[in-house]
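For reference, the structure is listed below as structure tokens.
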Amino acid sequence: MAMDLKEIETLIKEAISDAVIEIQDLAGDGNHYSATVTSKEFSGKSKIEQHKMVYNSLKGKMGNELHALAIKTKEQ
Amino acid sequence: MDDSTKNLIQSHIDTNEVCLFMKGTPEAPQCGFSMTISNMLKILEVNYKGINVLESQSLREGIKEFSDWPTIPQVYIKGEFIGGCDIVKEMYENGELKKVLENKEINFKKN
């Protein structure tokens with residue numbers, strides 16, 4: 001099952017409103033993405049917490065519909 | 001997650017200083033992300049235990065709940081969850097992984 005790039009972006013935006021998101025469809029198959037998320041909300045949080053915020057924004061799709069999303073988080 | 005799965009995961013973490021929950025084995029990884037982490041640990045000559053979650057559906061789902069982390073691979077060092085593929089890869093690249101290994105007194109190849 002594949003997921004649309006826009007859909008991923010929208011979900012992250014809904015949860016982390018100031019997020020600047022760069023997404024790449026790595027294989028062109030709608031299944032392997034790489035996302036760089038930059039937000040002020042990451043400041044003071046560990047990498048694990050930052051990544052969890054992104055995972056949580058995807059509402060359980062990670063590991064299911066979305067097989068592979070490489071995440072990089074940056075504090076603004 | 002049932003108690004036996006939880007106890008099994010806990011015992012892996014307790015009895016192995018460095019634990020990699022992965023798809024496949026260190027000799028034959030079944031997923032690129034698992035292979036990436038496995039290779040980094042090999043390069044650093046870390047003595048780690050690879051646990052193949054594909055051998056058991058309850059383990060495969062259980063580890064996600066146990067760590068509250070939705071993806072595999074997952075790395076534990078001395079009982080602490082360090083991260084998944086992206087985080088550990090970043091730590092490997094920026095040298096933080098070596099610091100963690102050093103702080104936790106795990107043997108690895110220093111240079």
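Can you spot a residue in segment B:61-73 that is over 20 Å from residue A:51 (Cα atoms) and in contact with a helix residue (DSSP H, G or I) (Cβ under 7 Å, 6 or more places away or on another chain)? No, every residue in segment B:61-73 fails to be over 20 Å from residue A:51 (Cα atoms) and in contact with a helix residue (DSSP H, G or I) (Cβ under 7 Å, 6 or more places away or on another chain). For first residues located in segment B:68-93 and hydroxyl-bearing (Ser, Thr, Tyr), partners that are part of a strand (DSSP E or B) and lie 6+ apart or on another chain with Cβ distances below 9 Å form the pairs B:71/A:62; B:71/A:68; B:71/A:69; B:76/B:18; B:76/B:19; B:76/B:20; B:76/B:21; B:76/B:82.
Are there strands (runs of 3 or more DSSP E) fully within chain A with at least 2 residues that are within 21 Å of residue B:81 (Cβ to Cβ), within 14 Å of chain B (Cβ to nearest Cβ) and of a type in the set (A, V, I, L, M)? List them.
Strands (runs of 3 or more DSSP E) meeting the threshold: A:68-75.
Here is the figure for segment A:14-44: residues that are surrounded by 11 or more Cβ atoms within 10 Å (Cβ to Cβ) and without any contact (Cβ under 8 Å) to a residue 12 or more places away in the chain total 1.
On the basis of being of a type in the set (Val, Ile, Thr), touching a strand residue (DSSP E or B) at 6+ places or on another chain (Cβ under 9 Å) and in contact (Cβ under 8 Å) with a residue 24 or more places away in the chain, does residue A:71 make the cut? Even if it seems obvious, please write down each step before you answer.
Numbers: of a type in the set (Val, Ile, Thr): yes; touching a strand residue (DSSP E or B) at 6+ places or on another chain (Cβ under 9 Å): yes; in contact (Cβ under 8 Å) with a residue 24 or more places away in the chain: yes.
Yes: the conditions hold for residue A:71.
Scanning segment A:49-76 for residues that are crowded, with 16+ Cβ neighbours inside 10 Å and over 13 Å from the mean Cα position of the chain (by Cα) yields a total of 0. When segment B:87-103 is filtered for residues that are within 12 Å of another protein chain (Cβ to nearest Cβ) and either part of a strand (DSSP E or B) or surrounded by fewer than 21 Cβ atoms within 10 Å (Cβ to Cβ) (or both), the ones remaining, listed by number, are B:89, B:90, B:91, B:93, B:94, B:96, B:100. Annotation for segment B:38-45: at least one member residue is surrounded by fewer than 22 Cβ atoms within 10 Å (Cβ to Cβ), more than 11 Å from the chain's Cα centre (by Cα) and farther than 19 Å from residue B:104 by Cα.
We did not get these values from a lab; they are worked out from the coordinates using the rules stated. Computed from a prediction, not measured in an experiment: that's the story for all the values here. Methodologically, a virtual Cβ is constructed for each residue, glycine included, from the backbone with ideal geometry; neighbour enumeration extends over all protein chains shown.
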